[in-house]
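Let me begin by presenting the structure, written as structure tokens, before commenting on it.
The values are calculated or read from the model by the stated rules, or taken from the named source; none is laboratory data. Treat the numbers as computed from the prediction; the structure is a model and nothing was measured. Cβ placement follows ideal geometry from the backbone for every residue including glycine, while neighbour counts extend to all protein chains displayed. These accessible areas exclude ligands, DNA and RNA; they are computed on the full protein's heavy atoms, side chains included. Shrake-Rupley method; radii C 1.70, N 1.55, O 1.52, S 1.80 Å.
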Amino acid sequence: MEKKIFSEEIKNVILEKLKGERKVSFLVGAGLSAESGIPTFRGKHGFWTSGSKNYTPQEIGTKRMFDINSNEVWRWFLYRISICNEAKPNLGHIELSKIEQLLPFRFHLISQNVDGLHFEPESLINTVYLIHGDLRFMRCSEECTKQLFKIPQELVDKKRTRETPITFEETELLKCPNCNSETRPHVLWFDELYNEYHYHLDTVLRIAKKTGLLFVIGTSGATNLPQRVVRNTLKRQGIVIDINPNENLFSKKLEKLKNGYIVKATSSDALTELRKIIAQSL
Ligand SMILES: [Zn+2]
């Protein structure tokens, strides 16, 4: 017999909640994109050498560093962008889009991933909130406008190693089309706060309150807004199910709660089975 990822108990909880009308939301993180070969950049892939100094992503991905050396920060982001550009969505991304189609109006995806894989090659998903930004875009560092600009394709397509410098022509391409100041990557940096305009702060907290069933997938729970999303759902008697091959801050918290469940599995395996459970319930 085929091994089931969701136990009978968890499956019944899911089916019971699907009968209601509250939202079914998904909070996803780096684990979802790991099968597409995107490194998390928190481990050894993250270190970045500038001159004779080594920086961690937590140091290089900051407003502070950008103000000191924007060229170096862009070099690191263009390197990441080139890796994301090579990657393709995996089964997990595709199953999520199928689940969205099964649950119109109830489905919401809250994604911490900046890699753009929810949208390649075509937009796979309609109701998605990118709470940490989107590496496909840049915006004015002087905030002359809140508008986002697509990063010029010739910058995206260029193959880069960690050593590839930014040329003068490329620096020109990275200027704000509106005021000619420098642009910055459209991502939330480690020393910045969430906001509604760029990162949907209030919207996702509101969605979390209306959520009856929240799946937390491939995220370690290390950042502030994901934790608040989970808390908001739990406060209103929503069910939270953590899906992750590894123990993490969310699973440790949820195992102590009666509204919390833990499923140890990869995102693609779990989402495939979940999609079938949802399809059968309709
Ligand atoms: Zn500008």
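Just for strands (runs of 3 or more DSSP E) wholly inside the range 32-140: which have at least 3 residues that are in contact with a Ser or Thr (Cβ under 9 Å, 6 or more places away or on another chain)?
Details: elements: 48-50, 53-55, 107-111, 128-130, 133-140.
So the answer is 107-111, 128-130, 133-140.
Taking the range 180-198 as the search range and keeping residues that are without any contact (Cβ under 8 Å) to a residue 60 or more places away in the chain and open to solvent by 70 Å² or more (accessible area, probe 1.4 Å), which one is nearest to the ligand (Cβ to nearest atom)? Quick ask: steps written out before the conclusion?
Looking only at the range 180-198, we keep the residues that are without any contact (Cβ under 8 Å) to a residue 60 or more places away in the chain, and these are 180-181, 183, 186, 188, 193, 195-197.
Keeping just the survivors that are open to solvent by 70 Å² or more (accessible area, probe 1.4 Å) gives 180, 193, 197.
On the way: Asn180: 7, Leu193: 21, Tyr197: 16 Å.
The qualifying residue nearest to the ligand (Cβ to nearest atom) is Asn180.
Let's see how each residue does on (1) assigned by TED's automatic domain parsing to the domain that holds Leu18; (2) touching an Asp or Glu at 6+ places or on another chain (Cβ under 8 Å); (3) among the β-branched types (Val, Ile, Thr):
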{"position": "Ala208", "(1), (2), (3)": "yes, no, no"}
{"position": "Gly221", "(1), (2), (3)": "yes, no, no"}
{"position": "Val229", "(1), (2), (3)": "yes, no, yes"}
{"position": "Glu247", "(1), (2), (3)": "yes, no, no"}
{"position": "Lys252", "(1), (2), (3)": "yes, no, no"}
{"position": "Lys258", "(1), (2), (3)": "yes, no, no"}
{"position": "Tyr261", "(1), (2), (3)": "yes, yes, no"}
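For Ser52, state whether it is touching a residue at least 12 places away in the same chain (Cβ under 8 Å), more than 18 Å from Leu214 (Cβ to Cβ) and outside the structural domain of Tyr129 (by TED's automatic domain parsing). Before the answer, list the steps.
Numbers: touching a residue at least 12 places away in the same chain (Cβ under 8 Å): no; more than 18 Å from Leu214 (Cβ to Cβ): yes; outside the structural domain of Tyr129 (by TED's automatic domain parsing): yes.
So Ser52 does not fit the description; no.
Can you tell me which residues in the range 191-226 are of a type in the set (D, E, K, R) and in a loop (DSSP other than H, G, I, E, B)?
Those that are of a type in the set (D, E, K, R) and in a loop (DSSP other than H, G, I, E, B): Asp191, Glu192, Lys210.
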Output the number of the condition that Thr145 fails; it satisfies all remaining conditions of (1) within 16 Å of the ligand (Cβ to nearest atom); (2) among the hydroxyl-bearing types (Ser, Thr, Tyr); (3) not in a loop (DSSP other than H, G, I, E, B). (3)
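Considering only the range 156-179, I want to know if a residue exists there that is within 16 Å of the ligand (Cβ to nearest atom), open to solvent by less than 40 Å² (accessible area, probe 1.4 Å) and closer than 24 Å to Glu72 by Cβ.
Going residue by residue through the range 156-179, those that are within 16 Å of the ligand (Cβ to nearest atom) are 171-179.
Subset that is open to solvent by less than 40 Å² (accessible area, probe 1.4 Å): 174, 176.
In the following step, the residues that additionally are closer than 24 Å to Glu72 by Cβ were identified as 174, 176.
Scanning the range 156-179, I find at least one residue that is within 16 Å of the ligand (Cβ to nearest atom), open to solvent by less than 40 Å² (accessible area, probe 1.4 Å) and closer than 24 Å to Glu72 by Cβ, so the answer is yes.
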Buried (at least 16 other Cβ atoms within 10 Å of the Cβ), in the same structural domain as Ala222 (by TED's automatic domain parsing) and not aliphatic (A, V, I, L, M): which single residue out of Ser70, Ser97 fits that description? Ser97
